[in-house]
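Q: Below is one structure. I have some questions about it.
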Ligand code: B12
């Protein structure tokens, strides 16, 4: 099977084999849906403060409902919701602690069948730990596609990509349509450069952005 030129030229080499394998799987039995695992990392706070532990992630609920409507299967690793009473010191940042699952627990809970890990990065104050988490996910899954979205990513897109080479693609702004388009492009072979709202670095380290911020105007489309 010949990989479409667009994907070949747009994706870093380590992912091409994985994408080819997925496209082949879809072509052969026609029945398998792509599998996306959303990951929400731990809350970060100073050692002597307390935070709101039990806040459900509304963004991931929206994105999940939208992807499921598009026949994409979805799992979550919600470090906050699944690790409500866990508090641990962050070795790399001595005055800070984390609330929720540890990085090792998060990585271990990502199902083997995952095609794409989609990370929620809402708060810039959590980014240094989110980056460590993404690097740990990359160590376990060297050829997995890892993307991220959320307010932090939208505000500091290029910085996030450069600060965390383990991250492949950033999604700008409201993610419902963009994520569905991205999954379709990656797994059905349509060109990535048609997916408006994503950003990435090419193999030479140049920052590429497809369009600016898109806003959902037709909110009845969101399940
Ligand atoms: C509700 C809210 C809270 C709630 C709940 C947050 C939660 N954990 O869910 C509470 C009150 C707890 C809160 C606390 C704080 N908040 Co607050 N909060 C908001 C607020 C008002 C709305 C967020 C929201 O739910 N939006 C609705 C959902 C559906 O949209 P969304 O989260 O943006 O998600 C969409 C996209 O971002 C994208 N997306 C999101 N994740 C992903 C992942 C992937 C893979 C993809 C593809 C796309 C994607 O798609 C989603 C659907 O369209 C925003 C401001 C705003 N208007 O966005 C501030 C905001 C996020 N908060 C902010 C801040 C600073 C804080 C605090 C640090 C304040 C403080 N000093 O204590 C704390 C941090 C608490 C913590 N660490 O948990 C800042 C973050 C800025 C930054 N760059 O860090 C914001 C942007 C406000 C601002 N303009 O300053 N917050």
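Q: Between residue 163 and residue 54, what is the spin-label point distance in nm, taking each point 7 Å from the Cα along the Cα→C-beta axis?
A: Going by the 7 Å Cα→Cβ label model, 3.1 nm.
Q: Still on this model: Can you tell me the FRET efficiency between residue 61 and residue 194 if r is taken as the Cβ-Cβ distance and R0 is 30 Å, rounded to the nearest 0.05?
A: 0.65
Q: Hey, what's the Kirkwood Rh for segment 62-107 if you take every pair of different alpha carbons, in angstrom?
A: Taking the inverse mean of 1/r over all distinct Cα pairs, segment 62-107 comes out at 12.4 Å.
Readers should treat all values here as calculations from the given coordinates under stated rules, not as data from a laboratory. These numbers were taken from a predicted model, which means no experiment stands behind them. Reconstructed Cβ throughout: ideal geometry from the backbone, glycine too, with neighbour counts over all protein chains shown.
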